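Notes follow once the structure below has been shown.
The values are calculated or read from the model by the stated rules, or taken from the named source; none is laboratory data. Quick caveat, the model's predicted, so the values are computed rather than measured. When we count neighbours, we look across all protein chains shown, and the Cβ atoms used for this are built from the backbone with ideal geometry, even at glycine. To get the accessible areas, we keep the full protein, side chains included, count just its heavy atoms, and leave off ligands, DNA and RNA. Shrake-Rupley method; radii C 1.70, N 1.55, O 1.52, S 1.80 Å.
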Amino acid sequence: MLKSQRNDFHKFFDKYNIGIVFVSERIYTHNKLRQKCELYAYERKINNWFVVIIGDNFIDFEQFHYANDPNDLLEKKIEELRAYRIQQALKVEKKIGRNELCPCGSGKKYKKCCLNK
């Protein structure tokens, strides 16, 4: 499976107009964190976002509110984000089984060919 490059996890609740972002450590500056939440808010049309920042020895919280007024720049960023998500999903490759033919084209089973190299 392709290793994820994401450093956050977000969940939203349309019914309550709330989104929550969990960040594994303080890797974002306050400004970048606010921009990331603004993008999620605009994409989901959710105004209230809460951030939980989890570090080795601390937990911190932030709260952001967005009006979500029409914005061409955010529309473009959302299109790029969706294209990136599709590319990320397409890159996931099936693991080669030990008893399958080796992809190098030798005609041998993978366990007798490239697995032992």
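When the stretch 21-51 is filtered for residues that are part of a strand (DSSP E or B) and either surrounded by 15 or more Cβ atoms within 10 Å (Cβ to Cβ) or among the acidic types (Asp, Glu) (or both), the ones remaining, listed by number, are Val21, Val23, Asn48, Trp49, Val51. With respect to the numbered conditions (1) open to solvent by 60 Å² or more (accessible area, probe 1.4 Å); (2) modelled with pLDDT under 80, which one is the sole condition not fulfilled by Gln88? For Gln88, the exception is condition (1).
The set of residues from the stretch 52-68 being closer than 19 Å to Leu81 by Cβ and modelled with pLDDT under 90 comprises just one member, Asn68.
Give me the pairs, please: first residue somewhere in the stretch 27-55 and without any contact (Cβ under 8 Å) to a residue 24 or more places away in the chain, second residue anywhere and part of a helix (DSSP H, G or I), beta-carbon distance under 8 Å, and either six or more positions apart or on two chains. Partner pairs satisfying both residue conditions: Tyr28/Lys36. Does Glu75 count as under 21 Å from Asn17 (Cβ atoms) and at pLDDT below 90? Taking the combined requirement at face value, the residue does not satisfy it. Taking (1) modelled with pLDDT of 85 or more; (2) open to solvent by less than 70 Å² (accessible area, probe 1.4 Å); (3) within 14 Å of the chain's Cα centre (by Cα) in turn, Glu80 satisfies each apart from (2).
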